[in-house]
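Have a look at the structure below, then the notes.
The values are calculated or read from the model by the stated rules, or taken from the named source; none is laboratory data. Because the structure is predicted, anything quoted here is derived from the model rather than measured. Every residue, glycine as well, gets a Cβ built from its backbone with ideal geometry; the counts of neighbours run over all protein chains shown. Side chains are part of the model used for accessible areas, which takes the heavy atoms of the whole protein and leaves out ligands, DNA and RNA. Shrake-Rupley method; radii C 1.70, N 1.55, O 1.52, S 1.80 Å.
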Amino acid sequence: MKTKSKALLMTLCAVLLVAASVLGTMAYLTSTTGPVTNTFSIGKIAITLDEAPVNVYGEVVEGARCTENQYKLVPGHTYTKDPTVHVTDENSENSWIFVKVVNGIAAIEAAGDTTIAAQIEKDWTKLDGVANVYYQEYTKQEAAKDFVVFNSFTVKNDISETDLETYKDASITITAYAVQQDGFDTAKAAWTAAKFN
C-alpha cells in the first residue's frame, strides 16, 4: 500500500508539474495604443474701424488714423472720408463683416456715382430688409484684410448757404460688426442671430 500511495503521489506530482509548466508558459496576444489627447483653443474675430485724419476741408493731414473728423461744408466741394474696417488678427475666423452707415447729409450730396451709397454698393452687398446695413465676407486664407466702406463725399454745387446751415449739426455715422460664418448660411441669418441694432 505504501508503494501504491507513493506511486499515486508521484503521479499527482508529475501531473501538477506538467500543469504548472503548461499554465506558466501560456500568454495572451496583446496590443496597446497611445492615448488620444485633445487640446482646445478659442476661435475669435478681431476688427477695428478708423479713417484717415483730415482737416475741415477733407484734405488728408499727417497723423495716425482716427475715429472722428470734423468738416466745414462748402457747395461743390469733395471731401476725403475713407472709413475702413480692418480684420486685425490673421487667426480671425471666417466671418460676415457688416457696416451700418447712417448718412445725415445724403440730401445734400452731389448726385451720381460719387454718393456715399453708390460707393458702398460697388463693393458691399445691401442686407435685405435692414436699412443702411451692408456686408462682405472674410475668409481666413486672406490673413489680415482691410474693407474700405467708401472714399469720399461731395456736396451739391447748387445748394444755398441757408440750406447748408440746416446741416451744420448733421453727421455720418459708420459702425462695423463681425459675426462668425460657421453655423450661418447667409449674412441675414448671422445678423439676425447676433441681434444687432
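The long axis of helix 2-25 is offset from the longest Cα principal axis of the chain by roughly 20 degrees. Its relative contact order, with pairs defined as Cα atoms under 8 Å and 6+ residues apart, puts segment 103-195 at 35 percent. Accessible surface calculations at 1.4 Å, restricted to protein heavy atoms, place segment 92-146 at 48 Å² per residue.
The fraction of accessible area contributed by carbon and sulfur in segment 49-176 is 45 percent, rounded to a whole number (1.4 Å probe; ligands and nucleic acids excluded).
Using a Gaussian network model of the chain in which every pair of alpha carbons under 10 angstrom is joined by a spring, one finds that among T154, T33, T114 the greatest mean-square fluctuation is at T33. Residues in segment 148-197 average 63 Å² of solvent-accessible surface per residue, probe 1.4 Å, ligands and nucleic acids excluded.
Computing semi-axes √(5λ) of the Cα gyration tensor in Å directly from the structure and comparing it against (1) 47, 25, 15; (2) 82, 16, 11; (3) 27, 18, 16 singles out (2).
Report the longest stretch of the chain that contains none of the GluC sites (Glu not before Pro) sitting in a DSSP loop with at most 16 other Cβ atoms within 10 Å.
On the way: sites that count: E59, E62, E68, E90.
After excluding every exposed loop site, the longest remaining stretch is 91-197.
Using helices alone, I'd like the mean residue ellipticity at 222 nm for the chain: each DSSP H run of four-plus residues gives -39500 (n - 2.57), total over residue count, nearest 500. The partial results should precede the final answer.
Values: 4 runs with 45 residues, N = 197.
Helix contribution divided over all residues of the chain: -7000 deg cm²/dmol.
When the chain is treated as a GNM, springs tying every alpha-carbon pair under 10 Å, which of T173, T186, T37 comes out with the largest mean-square fluctuation? In the Gaussian network model the winner is T37.
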